Amino acid sequence: MKKPSPKGKTRILRGAPLRDVALGLCLFSWAAAALCNDNTPPDLLTSAGSAVARQSEPRGATGAEQGEFVLAPVPLLQPALGGGIVLVGMYFHPHEAARPANITGAAVGYTSTESYLIGATHDHHFEGDRWRFQGTAGYAKFNLNFNGIGAEAGDPGRSLSYSVEGSFLEPTLWRKFSQGWSSGLNGQFLDAKINFEDNAPDDPILDPISSQELDLKSIGVGLIAQKDTRDNRFAPYSGIYFQADGSFFPDSLSNNLDYRIYSGFYNQYWRVRDTTVLAANVSSSYADGQVPFYRLSKLNIRGVSGDTYWDKFLLQGQAEVRQQIQGNWSAAVFAGYGGVSRSAGKLDSDDMILAGGAGVRYMVSSQQRVALRLDVARGQDGTMVYISVGEAF
């Protein structure tokens, strides 16, 4: 049996289990959301930080939680970014046993598309957990494909390679209330540039894009309302998870582009049998005003490339059946249906896309239900493979 760390000391863990490195995937995915406008950015620290903190902090003889440093690599596979690895380091600050830990983390990631990330994040609790500050910052470059805007996007031959490179910063202040409700106020700062391939300027696919959109200097303010009654944040068996938010970018701070983004999602979970869970998700977003293309709503269901379908309005839904098989192994079947259009009134059945698939999970932490997930999905764009930590929603 290992001796507990002396009081006031920290331990260094190498080759830590996947439950201790979920934050690395969250940080990499958050950067992709900031620079590439994934419409469902991860619950960055609320999910990963709280679960990891409870799992990995050593307990001292007096009941106080000791500090700990975690360093480990995490595999990553996404259709838009390719396969790669994220190296994450996290420090869980010493704290009283009854209170959540403050967490400081950093990550470096690289993928097969020569995309990379250097980022850091901090999660700080005040008055127990009534107030929380979350801050994320970094520098990244992502090499992606642009397939046009609107329902015609994704047609054969309609694709251009481009890169987005720059820095990002997002501080958020949360206030928790009763019955699972929270509200948040955040700032969104982005300074980056977009470069299309050499022959791109003459391609008609770029006609909707202005030169102002290629120099991404924007500052915005966001308001968030959230309700979370899930029994677990990585793999819920019951409860709901709802969020509605609005982000506002005045023209004086965003390259003379004045726009607003409204989005929301609703997830619900039912335990229909001891070993079976049904999960459902509905999400929507609308980008209003002089919206740069990188801030448009994007269809984000498994089986559809994350950089293919985008427009001002998005509506999508997903359903999944999760079945425990034996021991730490489980399986899932899922389907997603959604589409994009210029407005809610212009969305019709011809714009909607259906995709689905199946996958397996291996539970690396039964107590926190943290699992390594492998999904294979197929839609009209072909077959796609995903590797990640935690459930898709």
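The values are calculated or read from the model by the stated rules, or taken from the named source; none is laboratory data. Everything numeric in this text was worked out from a predicted model, so none of it was measured. Positions of Cβ are backbone-derived with ideal geometry, glycine not excepted, and every protein chain shown enters the neighbour counts.
Miscellaneous remarks
- Of the residues making up the stretch 207-233, those that are in contact with a helix residue (DSSP H, G or I) (Cβ under 6 Å, 6 or more places away or on another chain) and in a loop (DSSP other than H, G, I, E, B) are Ile209, Arg233.
- Only residues that are in a loop (DSSP other than H, G, I, E, B) and under 18 Å from the mean Cα position of the chain (by Cα) were counted in the stretch 253-301, giving 4.
- Matching residues, the stretch 370-382, being touching a residue at least 12 places away in the same chain (Cβ under 8 Å) and part of a strand (DSSP E or B): Val370, Ala371, Leu372, Arg373, Leu374, Asp375, Val376, Ala377, Arg378, Gly379
- Residues that are basic (Lys, Arg) and surrounded by 21 or more Cβ atoms within 10 Å (Cβ to Cβ), drawn from the stretch 375-393: none
- Residues that are in contact with a Phe, Trp or Tyr (Cβ under 8 Å, 6 or more places away or on another chain) and among the aliphatic types (A, V, I, L, M) do not occur anywhere in the stretch 325-337.
- Contact map, the stretch 98-115: residues that are basic (Lys, Arg) paired with residues that are at pLDDT below 90, Cβ distance under 9 Å, separation 6+ or inter-chain. Pairs shown: Arg99/Glu65; Arg99/His125; Arg99/Gly128; Arg99/Asp129.
- The stretch 167-193 - residue that is at negative phi and outside any strand (DSSP E or B) and, of those, modelled with the lowest pLDDT: Ser178
- Residue in the stretch 347-357 that is surrounded by 15 or more Cβ atoms within 10 Å (Cβ to Cβ), free of Cβ contacts under 8 Å to residues at least 24 places away in the same chain and either in contact with a Phe, Trp or Tyr (Cβ under 7 Å, 6 or more places away or on another chain) or closer than 30 Å to Tyr162 by Cβ (or both) present: yes
- The residues in the stretch 194-235 that are of a type in the set (Asp, Glu), loosely packed, with under 15 Cβ neighbours inside 10 Å, within 28 Å of the chain's Cα centre (by Cα) and modelled with pLDDT under 85 can be counted, and the count is 2.
- Condition met for Tyr294 (modelled with pLDDT of 95 or more and either in contact with a His (Cβ under 6 Å, 6 or more places away or on another chain) or under 30 Å from Val385 (Cβ atoms) (or both)): no
- Of the residues making up the stretch 263-273, those that are surrounded by fewer than 16 Cβ atoms within 10 Å (Cβ to Cβ) and in contact (Cβ under 8 Å) with a residue 24 or more places away in the chain number 2.
- Subset tally (residues that are closer than 26 Å to Leu76 by Cα, hydrophobic (A, V, I, L, M, F, W, C) and either touching a Cys at 6+ places or on another chain (Cβ under 6 Å) or surrounded by 17 or more Cβ atoms within 10 Å (Cβ to Cβ) (or both)) for the stretch 95-134: 5
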